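The values are calculated or read from the model by the stated rules, or taken from the named source; none is laboratory data. Keep in mind the model is a prediction, meaning the values are calculated, not measured. Note that each Cβ is placed from the backbone with ideal geometry, even for glycine, and that neighbours are counted across all protein chains shown.
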Amino acid sequence: MLLELLFCLLLFFVVTFGLAWPLVVRLTLDGGEKLVAAAILSSLGIYLGAFALYLTNLPAVACWILPALACVGLVTTGRTFIAELRAPEPRALLTGQFLVTGWCLGWLWFISSYTGGGWTSDWFEHWERTLFFVDRWPTDSQFLGVYALPARPPLANLVTGVFLKLTQRNFAHYQLFTLLLNTLAFLPAALLVRRFSRQTGLAGPSGSRAAVAVLVVLLMLNPSFVENATFAWTKLTAVFFILGGLYFFLRALDPSPPRAAGPLCAAALAAALLTHYSAGPYVLLLAIAWFLLQRGRWSAAGFWRQTGALAALGALVLATWFAWSLAVYGAHTTLLSNSSVTVKDVHSGNQLLRVALNLRDTIVPHFLRPLDSTLIAQTSRWGYWHDWFFQLYQVNLFFVFGSVAWLVLLRELGRNWGASPTVSRWFWALLTGGVIVLGVAVHGARDMWGLAHICLQAVLVLGLVWLAARWSTLTRAWRIVLVVGAAVDFLLGIALHFAVQSYALDRWLAPDRTPEAILRSYSESSLMNAEAKMIHHLGFFHDAAGFPAAGVLVFLAGILLLALVGTRNRDRAA
């Protein structure tokens, strides 16, 4: 399995960076920007190629065109590619990417069955959606017996489907390639860390690399990020495109911006919408900001030509899916089949009150208000506490950053508010505040636990980006507080989470219980996940890998040690 795993990793990263590299190498971007641009455009290229192969009904062997093109592209531009990787900053980004991916991959091994709050059917729905394209299911197929194909956008499903055709068509490989896509969210986040640390005058190139190293550790120890990276759904993949679009949006507004910044922004944001509709609030608010921040250019014809060209590019990318869906499914199913629209709460009651209550419950932690705990009710003591913390780290606006990180984040934002340019601080306030309100409002159902996990994952990563960029300004005491908080988050949100998902605590603390008794001691949601796995005979990555638990723990310890050493070394260099 080890050789097969290495082949899958090599295949993924060669195609993800190599497919678009011959184009990206010609752009006037720095090395780190070229890496992110290559990942964005290659992912779009894989999606377009996969969709074209689906529409033309070519045999699965035709998928090898994509890695062949990537290899040819890397070979023909090999000197440039190697030269870029030798530069310190692209190397720091790639090192961080491999550390974050390796860390999440190690934890993926511990998932024998999914558990956590009400997370039940989404992973299986996306597996079915991937099979729709891989096995060419009938167009009238319903997923989970409820949803039509247009209820969810298809980019991530098509991309993972290609890699399944190139390797093996099973759920273990689907988990692997979904995780690899999800962890790409690190790359644009690292570019934003670099930008923030330089703009504030806190660091030169070596200092910005130190901030990137800090971001690696913050993401690795953040329960929400790790849990979402290892869960087989597409929200963090959308975050990759959202943050990539945001970075190139900011670059497009810089003095003397690179010509590629605007088109890359438009392509990335369109790709985000084709990955998950949670990108909608970000795209809307950035479109509004594009006009407000350039009011002085409204009288210039060049502004409207540029805006029209970027809008046309984004619309062209979106049309690759929506034009086909409209032709096959019609306008009603294409536009009105998403669960945010079809849920019955949308059509009954006071909608403003629903949004206000959902917003309140997203802000106020569940332990500070009366709440029906039926969702996490179970006889397993560690299962109950696992779900209790899971529902804190995933759905609460503050604790999603970490038990202490949210407090440090608010402190740093308050300290920096007056020192920032007026335009800058109002842009970020309106973007993040608007996304929080809209991200809660677009959820059609009433949810008494909170909704931070629906649309706010990009806000989470942005918050950690800001903390990493400000790390060098924190006093020793605040650094210690943040480190202690991250350690607590790791124990209660990551170690406990995967100990429950692997049933390790049951084997250690209740060795005499039968497998059936163990399963029934957990929550209804956990039991549903376990039953779905057994009924559909799905082998998880945990089942297929065959690695010893001790070896995986040693691997994880090594990854964490490398990440921590990286922060110390780069801190000294700064």
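A few remarks follow.
- Single residue of D387, D447 found to be acidic (D, E), in contact (Cβ under 8 Å) with a residue 40 or more places away in the chain, at negative phi and assigned to a loop (DSSP other than H, G, I, E, B): D447
- For V554: the one exception among (1) crowded, with 17+ Cβ neighbours inside 10 Å; (2) modelled with pLDDT of 95 or more; (3) of a type in the set (V, I, T): (1)
- Count - residues of the range 434-444 that are part of a loop (DSSP other than H, G, I, E, B) and among the small types (G, A, S): 1
- The one condition in (1) in a helix (DSSP H, G or I); (2) touching a residue at least 24 places away in the same chain (Cβ under 8 Å) that A429 fails to fulfil: (2)
- Selection count, the range 260-306, where residues are at pLDDT 95 or above and basic (K, R): 1
- For the range 219-277, a residue qualifies if it is crowded, with 24+ Cβ neighbours inside 10 Å and on the phi > 0 side of the Ramachandran plot, but none of them does.
- Summed over the range 11-50, the residues that are among the basic types (K, R) and in a helix (DSSP H, G or I) give a count of 1.
- Hey, L316 part of a helix (DSSP H, G or I), modelled with pLDDT of 90 or more and under 30 Å from L44 (Cβ atoms) or not: yes
- 1 or more residues in contact (Cβ under 8 Å) with a residue 60 or more places away in the chain and more than 28 Å from V565 (Cα to Cα): qualifying helices (runs of 4 or more DSSP H) within the range 183-286: 235-252, 261-275
Here is a yes/no grid of residues against (1) assigned to a helix (DSSP H, G or I); (2) under 21 Å from the mean Cα position of the chain (by Cα); (3) buried (at least 22 other Cβ atoms within 10 Å of the Cβ):
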{"position": "W119", "(1), (2), (3)": "no, yes, no"}
{"position": "L131", "(1), (2), (3)": "yes, no, no"}
{"position": "G145", "(1), (2), (3)": "no, no, no"}
{"position": "K165", "(1), (2), (3)": "yes, no, no"}
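- Any chance T28 is in contact (Cβ under 8 Å) with a residue 40 or more places away in the chain, among the hydroxyl-bearing types (S, T, Y) and more than 13 Å from T160 (Cα to Cα): yes
- The criterion of at least 2 residues that are out of contact with any Cys (no Cβ under 6 Å at 6 or more places or on another chain) and within 21 Å of F390 (Cα to Cα) is met, among helices (runs of 4 or more DSSP H) falling completely within the range 466-574, by 476-489, 496-501, 504-509, 515-520, 524-535.
- Hits in the range 84-103 - residues which are among the β-branched types (V, I, T) and closer than 9 Å to G32 by Cα: none
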